[in-house]
Amino acid sequence: MIKIGTVFKFAAPNGWQQLQEGERYIFHGPNREELIVSGSLIKGIGTTGDMVAAQQKLFENAEQSVKKAAAHAPLRVTRPFQKDARASNVECWSLQAQTHEEDTLFYQAVCRDSRGVLLVTLEAPNTSHSQNVFEQFIRSVQIISESEALVE
């Protein structure tokens, strides 16, 4: 499992090449797939209200980012931004788009915890294998428990 900070962990796609830039991971698959995973985490202290407001702002920023990326002219949204029940370990919202030629997928997800958000983007050939990679990935995302985070 790969961890982002003390909040999220996930399984990388099997056999894909991995690059890391800070807390941003970029994975390249054998068929020109690219999966980008990055986290925005809440750090510091504050009141419960401050923490809730910060988390809501992070989520809203991630949602706007996802919708803006999918609004590019070459893309057509096939599933609007909505809660995704495929992710059972974490609250997850996703948007799915593809090119007008229907040859490339552009799938995005925002996984959410009270301590931050995880942004996931997959750009890949429009195949059932690519769809499965995305689904398997969001199913792998888990929240790191407070006690597990303290062990680090």
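FYI, it's all coordinate maths here, none of it is from the lab. If you're wondering where the values come from, they're calculated on a predicted model, not measured in any experiment. With ideal geometry, Cβ positions are generated from the backbone for all residues, glycine too; neighbour counts draw on all protein chains shown.
Worth pointing out:
- Axis angle, to the nearest 10 degrees, between helix 128-140 and the longest C-alpha principal axis of the chain: 0 degrees.
- Dipole of the chain, positive end: most advanced residue of A87, Q18, G29 [Cβ charges, Cα centre]: A87
- Rounded to the nearest 20 debye, the dipole magnitude of the range 84-136 is 300 debye, with +1 charges on Lys and Arg beta carbons, -1 on Asp and Glu beta carbons, and the Cα centre as origin.
- Binning the C-alpha pair distances of the chain at 5 Å intervals from 0 yields a P(r) profile of 2, 9, 19, 22, 21, 14, 7, 4, 2, 0 %, listed from the shortest bin outward.
- Spatial separation of Cα centroids for the range 80-94 and the range 1-45, in angstrom: 18
- Computed from point charges on the beta carbon alone (+1 for Lys and Arg, -1 for Asp and Glu), the dipole magnitude for the chain about its Cα centre is near 200 Debye.
- Degrees between helix 48-70 axis and first principal axis of the chain (Cα, 0 to 90, nearest 10): 10
- Loop-located trypsin sites (Lys or Arg not before Pro) across the range 17-82 with a Cβ neighbour count of 11 or fewer within 10 Å are R32, K43, with loop assigned by DSSP.
- Helical content of the chain, expressed as a calculated mean residue ellipticity at 222 nm, amounts to -9000 deg cm²/dmol (DSSP H runs of 4 or more residues, -39,500 (n - 2.57) each, divided by residue number, nearest 500).
- Projecting the Cα atoms of V7, T78, T48 onto the charge dipole of the range 1-97 (Cβ charges, centred on the Cα centre) puts T78 farthest toward the positive pole.
- Relative contact order, percent, the chain [alpha-carbon distance under 8 Å, six or more residues apart]: 27
- Lysine pairs meeting the criterion (Cα under 20 Å, 8 or more apart or interchain), as found in the chain: 9
- Subtracting the Cα-Cα distance of N126 and E60 from their residue separation scaled by 0.36 nm leaves 20.9 nm.
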